[in-house]
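A short write-up of the structure that comes next.
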Amino acid sequence: MCADKIKNGQENTMVQNGKSKKKKTINPKLKKKSNPYKERLKIFNDKNKNLRFLLENRFLWMRPLLKNKKEIIEVGSGTGCIQVILKKKIILTDLIKYPWINKKINMTRMNLEKKYLNKVDIFIVNQTLHHCPNPAKTLKKMSKYLKKDGLILINEPEISIIYRFILYILKDEPWSLKTNIFNSKKNIFRSNNPWMANVATARLLFADKKKFYHFFPQYKIIKNDLNEFFININSGGVNNDYFYIPLNRFFLKILNVVDKILIYLFPNIFAFNRSTVLKKIK
């Protein structure tokens, strides 16, 4: 399974599950494009309690940070399920103008209206940054729209050992740990196809705080937590329909506690998600 293109001198290098391999023609794409209409129906009908619990786990930690904030924008909203979980007025944006999307914007160009410059309280980026052709450029552009002390709340896949193994088995989203993620002048993919992906994006950006601050002195990382294992595996999936064992809320909470213990002890093995908060300090 191929991952993203990286620059190595004048050569185009493909990466297969972390190993460099010269290639010229293959583009990294999701095996199966998502269907936001189908996904939205699956979330809103609330039949899958496991999936609902997973989504609550991803979003409810944000609620205290949203209190008394007015300009809140989600980038790459997809299904727009965040409003169902948080019950908060949020401007939903996406590359495609679905009926529930408020604004159509390109994540790389961040082509918001000028009226938002230095006016945004919070950006939310949920499971979309790893599809961005130029994450560094996007984060820099976001800082221009954020107020002083404004926040970016991020959920992204964490490329742990078990997660890599599952990606390999399912032939799902590609990843590369060799990408120059901090180069804001060049895209990490061959095109702006929104189905491109590098699942290692969050690890590359946020795992090494010293390196992050070197390239992004305007931000401070105030949260950088690893989470999700069993509650992710047994959710049934958002983009795909996988087998899962239906559980009531009591047992889901127990699973979540087990996840926290496993990830605390062995983060590089078990973590499936990284929750990060960036604060604009200048």
Filtered residues of region 186-195 (kept if in contact with a helix residue (DSSP H, G or I) (Cβ under 8 Å, 6 or more places away or on another chain) and at pLDDT 80 or above): 188
Filter region 187-246 for residues that are touching a residue at least 40 places away in the same chain (Cβ under 8 Å), in a loop (DSSP other than H, G, I, E, B) and aromatic (Phe, Trp, Tyr) and give the result. 189, 195, 216, 229, 244
Which of the residues that make up region 261-282 are assigned to a helix (DSSP H, G or I) and touching a strand residue (DSSP E or B) at 6+ places or on another chain (Cβ under 7 Å)? 263, 267
Exactly one condition in (1) more than 28 Å from residue 69 (Cα to Cα); (2) more than 14 Å from the chain's Cα centre (by Cα); (3) outside any helix (DSSP H, G or I) is false for residue 162; which is it? (3)
For residues in region 163-185 being exposed (fewer than 13 other Cβ atoms within 10 Å of the Cβ) and touching a residue at least 60 places away in the same chain (Cβ under 8 Å), which is nearest to residue 143 (Cα to Cα)? 180
Within region 45-89, residues being surrounded by fewer than 21 Cβ atoms within 10 Å (Cβ to Cβ), part of a loop (DSSP other than H, G, I, E, B) and polar (S, T, N, Q) number 3
Among the numbered criteria (1) modelled with pLDDT under 95; (2) in contact with a strand residue (DSSP E or B) (Cβ under 6 Å, 6 or more places away or on another chain); (3) not hydrophobic (A, V, I, L, M, F, W, C), which one does residue 223 miss? (1)
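Of the residues 139, 112, which is assigned to a helix (DSSP H, G or I), crowded, with 17+ Cβ neighbours inside 10 Å and out of contact with any His (no Cβ under 9 Å at 6 or more places or on another chain)?
None of the others qualify; the one that does is 139.
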I'm trying to understand the selection: among the residues of region 61-87, which are over 16 Å from residue 145 (Cα atoms) and either basic (Lys, Arg) or over 18 Å from the mean Cα position of the chain (by Cα) (or both)? 63, 64, 65, 66, 67, 68, 84, 87
Assess whether residue 90 counts as being over 20 Å from residue 35 (Cα atoms) and within 17 Å of the chain's Cα centre (by Cα). no
List pairs: first in region 265-276 and in contact (Cβ under 8 Å) with a residue 24 or more places away in the chain, second among the small types (Gly, Ala, Ser), Cβ under 8 Å, 6+ apart or cross-chain? 267/160; 268/160; 269/160; 270/160; 271/160; 272/160; 274/202; 276/202
Please go through region 98-126 and pick out each residue that is in contact with a strand residue (DSSP E or B) (Cβ under 7 Å, 6 or more places away or on another chain) and under 15 Å from residue 70 (Cα atoms). 118, 119, 120, 121, 122, 123, 124
Being over 23 Å from residue 173 (Cα atoms) and either in contact with a Gly (Cβ under 9 Å, 6 or more places away or on another chain) or hydroxyl-bearing (Ser, Thr, Tyr) (or both) is the filter here, so list the residues in region 120-141 that pass it. 120, 121, 122, 123
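The values are calculated or read from the model by the stated rules, or taken from the named source; none is laboratory data. Since we're looking at a predicted model, the values are computed, not measured. Positions of Cβ are backbone-derived with ideal geometry, glycine not excepted, and every protein chain shown enters the neighbour counts.
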